[in-house]
1. Exceeding 32 Å between C-alpha atoms, which entries from my cross-link table qualify? They are A:Lys77/A:Lys269; A:Lys269/A:Lys747; B:Lys269/B:Lys679; B:Lys214/B:Lys533; B:Lys77/B:Lys269; A:Lys258/B:Lys773.
2. Taking a point 7 angstrom from the Cα of B:Ala640 along the C-beta vector, which residues in segment B:757-772 have backbone N less than 17 Å away?
3. Hey, can you grab everything whose amide H is under 5 Å from the amide H of B:Phe681? Only 5+ residues off in sequence or another chain; H modelled, so Pro and N-termini drop out.
4. Taking the number of other C-beta atoms within 10 Å as the exposure measure, put A:Phe749, A:Phe600 in order starting with the fewest.
5. Exactly which trypsin sites (Lys or Arg not before Pro) in segment B:247-315 are in a DSSP loop and have at most 14 other Cβ atoms within 10 Å?
6. Can you give the Rg/Rh ratio of segment A:614-791, where Rg is from the C-alpha atoms and Rh is the Kirkwood radius?
7. Just to check I understand the Karplus step: with θ = phi - 60° and J = 6.51 cos²θ - 1.76 cosθ + 1.60, what whole-Hz values come out for segment B:738-750, glycine and proline as x?
8. What is the Cα centroid distance between segment B:72-142 and segment A:446-468, reported in whole angstrom?
Protein chains: 2
Amino acid sequence: MANNIAKKVSWSGEGTPLLNGAEESRYSGQTSGSSMFHIGRMSTVDLEEEAITTEEQDPVRHRPSEIPHNEKLLSLKYESLDYDNSENQLFLEEERRMSPMGFRCLEISRWFICGLIGILTGLIACFIDVVVEKLAGAKYKVVKEDIEKFTEDGGLSISLLLWVVLNSAFVMFGSIIVAFIEPIAAGSGIPQIKCYLNGVKMPRVVRLKTLVVKVCGVICSVVGGLAVGKEGPMIHSGAVVAAGVSQGRSTSLKKDFKIFEYFRRDTEKRDFVSAGAAAGVSAAFGAPVGGVLFSLEEGASFWNQMLTWRIFFASMISTFTLNFFMSIQKGELGELSNPGLINFGTFASESVQYNLYEIPLFILMGAIGGLLGALFNVLNYWLTIFRIRYVHRRYLQVMEAMLVAAVSASVSFTMIYFSTDCQPLKKESLEEYPLQLFCADGEYNAMATTFFNTPERSVMSLFHSPPGTYNLLTLGLFTLTYFLLACWTYGLTVSAGVFIPSLLIGAAWGRLFGIVLTLISPNKISIWADPGKYALMGAAAQLGGIVRMTLSLTVILVEATGNVTYGLPIMLVLMTAKIVGDYFIEGLYDIHIRLQSVPFLHWEAPATSHWLTAREVMSSPVTCFKRVEKVGTIVDVLSATSTNHNGFPVIMQSDRDDEPGKLCGLILRSQLIVLLKHKVFVERARSRLYQRRMQLKDFRDAYPRFPPIQSIHVSQDERECMMDLTEFMNPTPYTVPEETSLPRVFKLFRALGLRHLVVVDDVNRVMGLVTRKDLARYHLGKHGLEELDLAHP
Amino acid sequence: MANNIAKKVSWSGEGTPLLNGAEESRYSGQTSGSSMFHIGRMSTVDLEEEAITTEEQDPVRHRPSEIPHNEKLLSLKYESLDYDNSENQLFLEEERRMSPMGFRCLEISRWFICGLIGILTGLIACFIDVVVEKLAGAKYKVVKEDIEKFTEDGGLSISLLLWVVLNSAFVMFGSIIVAFIEPIAAGSGIPQIKCYLNGVKMPRVVRLKTLVVKVCGVICSVVGGLAVGKEGPMIHSGAVVAAGVSQGRSTSLKKDFKIFEYFRRDTEKRDFVSAGAAAGVSAAFGAPVGGVLFSLEEGASFWNQMLTWRIFFASMISTFTLNFFMSIQKGELGELSNPGLINFGTFASESVQYNLYEIPLFILMGAIGGLLGALFNVLNYWLTIFRIRYVHRRYLQVMEAMLVAAVSASVSFTMIYFSTDCQPLKKESLEEYPLQLFCADGEYNAMATTFFNTPERSVMSLFHSPPGTYNLLTLGLFTLTYFLLACWTYGLTVSAGVFIPSLLIGAAWGRLFGIVLTLISPNKISIWADPGKYALMGAAAQLGGIVRMTLSLTVILVEATGNVTYGLPIMLVLMTAKIVGDYFIEGLYDIHIRLQSVPFLHWEAPATSHWLTAREVMSSPVTCFKRVEKVGTIVDVLSATSTNHNGFPVIMQSDRDDEPGKLCGLILRSQLIVLLKHKVFVERARSRLYQRRMQLKDFRDAYPRFPPIQSIHVSQDERECMMDLTEFMNPTPYTVPEETSLPRVFKLFRALGLRHLVVVDDVNRVMGLVTRKDLARYHLGKHGLEELDLAHP
């Protein structure tokens, strides 16, 4: 029973130093608080690795997973989720006992849970929105009064200071809770949810604590005036709600409601998390269909009609709940036509027309969006690398966040201060806090509309303000500064999304584009007169250029604008932005996933990988167990620092020890742990006299935080006992022959959401095991197929 | 090498008589013109079977597949499509030779083809629309003038006769081409496309001839005044276009462009057909996103991001093309805001609001829609059974279609004649052919607006006409008569869709519902004043109740109305309609699929099927070939009337003949046919001296109409030769152990789109074969799991 990691590490150049004496605990995610990292690798590591190792010495918790280490490596620290049911005897017995009525009840519970997910997600969105509005309103009111007071007296530097301090305070609080309490709550959470839905277990990503930190964090970031949005985090929040509700218990609160026990496995949980993510999108943008498509685009590989309907239902309920409570909050009870956290406002029917000759313009805007998006991503990539190297300590992270908050406020103030773009104040104006500053009476500062406002309101203003509201210089300066601010902000240790800043940047340059068009067109074609249309296209182009989603984003934007006429141009813009952007660099989320070395599986194997077969891809030799195995052997294998595997093929007893045995099942580490914990042993002498009868419930109760092997005490006597795995192993694991090509293996793996795929020879003997990391290693680079190295964290 | 059908037929009670001496040709679809049906089953069949057999005696072609035989049977006449690539040595060599640039070119061709599909589908939609508008316009003009002439003179029976004759003439032509030239072009084509995307090969469904007949047929039906729409057939048309364009040749026209040869296999073709169907929906309703969702909801099981984008692209181009050419046709070049064949018209922003207390009303409407839909389906089900028994001859079918046309015209005329609902004629009225009849000058007959019009215009009128346009009696009578007419019409031997009639019925009773609400509400709440909103909800409810789609239909309706505000209520309505309707009977398309005994695979195995294992489900024993097999044996097996299999496991030579051999590959009938045709033999004496070098091209050229074995002449000498299958078989077929549970087998089969799944024992010996029919046989009935019988056609 050799170590199947050994083969892998022998290749890597860059990865090798990391493995000196390093061990990995597959359960680090479940055992925060106890350190299991060995500190014996300081000798050969370079600056970058040193940074990480230092961080890891910290005994309280390991390095926040937002911070990547090396993009050329594939981290082994991530476990996979098990989307393939382990159909062992216990499971089959339970399923067979269940009546058709039982299945119907299960189905009804699924719908019920989805409804609950929708309601809770909607309520959270509502809560965030109300709190942000109140706090931001109070903040802007205080600052506005202060500015108005000092505009005449000439002490505006005091106003600036007030603004900076207020912002920094909020951001400091938001940053501290993220950095010190739950680092995985940083960022928008979309990369994490993408990974989760892809089948990678991100530690602590769907915990209650994460949700609380996320919600508080995002409120602080938005109120703190950072160039961020509150929409991305809603997706993460929805996912956490779903993971929590569907399990019928909270491990953090130590409360088990004893319901929904059937759903305590990865397969079911994933389905609910998809629904939660969709509900989050739906609440954020008032886009239920967009939410469903987001879930599918990012997560699902196997499209199931019933599941899609449930996801749809959750999305629908989520929008509805938000809508309903917002209507109460606004005092228009029951007025349900304005869903979503962000509402782009309805485009009037007259202004939504577009013409054939505008299509090339839209495509041009898409290309600009793709270029600007790629620039954004490249800058953010460098910044992230910089942060990995130099800003890895927590207090530094908090300080950086505060610095950004202070700079944001100062820049905004400076821009407003030096702006001379005064506009007449109208009654029906969209601006809630018009700043007069040095403008004449009855006028307001146009620059302040964009900066002295929550980003959502700025976007709406750019979309809908009548022509002439902004001048060219204002828009140009705003685009430039906001672009840099947003780029600097993304990746800070705060909870915040990148959707709204992207839309805002795009809306600004889009409006600029529209105004320029009107100016240069010789005879002022009237259809170009409305810059709001171009602002919308610019917003789509910029967002598409940064995140590179197409289908779901189109639907989200169409639903958020409340108008389908723009569907076609938005699609064109998004596709152009994606094509242009992809030429330079990946999407922002993919960059961050790659920098974290997550073994992310794409939709298909690299095109040129047909020459690889399962034989080359698999890990081999594999640690196997016999059908009736000695407890001591099992404990030793599980405890061994080098064989941190999660799945073990079970083989028939073979006559010779060196010959691989015939496959007869597959058992998971988690199952073995539960069996060891419950002492399901057979004493050698009295064969099978007593064996505790295990139930599926025992496994479900331990899910998903199975204890580490170290916490289970097995006495010397017990080590001599035997354990009969027959009942617990999956007797029909999927297998492939050794000659199977990589794309074929990949397809099977991806379509069924597998975690382990056993490679067998022509008489069904175990030859190797294919896991996620074996497949994720290959990717198509500039010079054909490339192989990533594997590294322990 | 025994017959693996033998086991199956021994079960059936009802199915047995059908099998007396019956043989099935798997190639009947490809060899129309030659009869291969044995006529030796007349003795034991009952009336129903007799009807079919009589039909089948017809030497020219067999019974049109629109006509079902017995819903308790599962027909064996349908082949499966092969969505799993046969990764044999030839294929792998080709893939390995291909450079990354080659793959990029392939990808570009895929996009190019999708663009082409979109353009052609859009053009077809445009053609249908223009021709229908012109012809229907001419017809209504003639009849209107005639009616106006005779209203005063009092000879209206002549007008009626004119109307009846005109309608019947159109319908007769449409029905004749469908019944005598291409019976599969009957109906909307959606059930057929559903089956195709599900993986069932429907003979002739994607042929050029089918497309031509479909297009002409639908024009005739719509112009002939039947209660039908032209939207459903667009989906079929799009699919045919896709299947044709993607293959780079037309077998019907005997033209091979020698391009896109790589795409000549089921996997690639299916992807393009999905895109075509989506483009069809997109062109029909101006709903590109709805089209994508339709394709996914009905077809895809494995969701692939790139594929989805291509489908999206095709949809987008299709809408755009239609839009562009329609704008030219209407003389407003470049005005692109009105996509789709049917346009529900934009709902004005003021009237789109809805309120919380309307939600229960919408849900109630959904329930009504579900009930009425179920009633529609039940009636149509009985009617279809009746048609199977008594209306199976072609001239009867044509006569029935003409009868329906005549009755439709007469009923419409009678309704208009006796209607006393006169409305003042307005200038901006939506009615193109207002009939004055007995109304006062300056007024028109309201009943005529609904009946004396193409259904699309009637729907628009019901949605948008101002309150007071229709009175209660008009709407009630219209609903009733149109419901019965539409129900009678669906299933006629004409090309026609059920979408528009459903929408029209629903819009009528929805408007009625709205008017009643206004009447009974005590203080005339203003928000209920607009009956157009209720017409829309009623239309959604009725359509949902009949076809039972939810997600895609919501998006289609939202896109067709050009307004997302109604998204939520439409969703609620559709879900309610589905839940209520499903309680009584399946959706209309599913009924027709079931009546055709198609082995349709649903999304998941029946919930209570865990007690079944592969051992019980599989067909066994299996006809296998040796790796190097005698040509005579192969020819005998392929020609044998009893072993009409399509896939044969290839086994290693075993010492004993009665023992099942070890699996080493899988070969398809089609591959063997090509090998036999090219005489890829090895003479026994001169071992391997000459063997023609085969290429993938040889297989692709024969795709998809492989010749029947009977057409291949193999001499007695050649029969003694050997054939080496090693290079051509798929060496890595997917396998499962015998103990695998049915849901697990099902999941593997469905997720990967398999056609054959080999069941092996623990030393990899072939124990059985699972095919589509083995899985489709099980379904969850009222009393638990039920098993359908299998029957030869």
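Any read-out appearing in this document is the output of simple, stated calculations on the displayed coordinates, not a laboratory observation. The shown structure was predicted, so the numbers you read here are calculated from the model rather than taken from an experiment. Every residue, glycine as well, gets a Cβ built from its backbone with ideal geometry; the counts of neighbours run over all protein chains shown.
1. Numbers: A:Lys77/A:Lys269 21 Å; A:Lys269/A:Lys747 22 Å; B:Lys269/B:Lys679 28 Å; B:Lys214/B:Lys533 34 Å; B:Lys77/B:Lys269 21 Å; A:Lys258/B:Lys773 41 Å.
The answer is B:Lys214/B:Lys533; A:Lys258/B:Lys773.
2. The answer is B:766-770.
3. B:Arg692
4. Working: A:Phe749 25, A:Phe600 20.
Lowest to highest Cβ neighbour count: A:Phe600, A:Phe749.
5. Answer in residue order: B:Lys254, B:Lys258.
6. Working: Rg = 17.7 Å, Rh = 17.6 Å.
So for segment A:614-791, dividing Rg by the Kirkwood Rh gives 1.01.
7. My calculation for segment B:738-750 gives 5, 7, 4, 6, 4, x, 6, 4, 4, 4, 4, 4, 6 Hz in order.
8. 46
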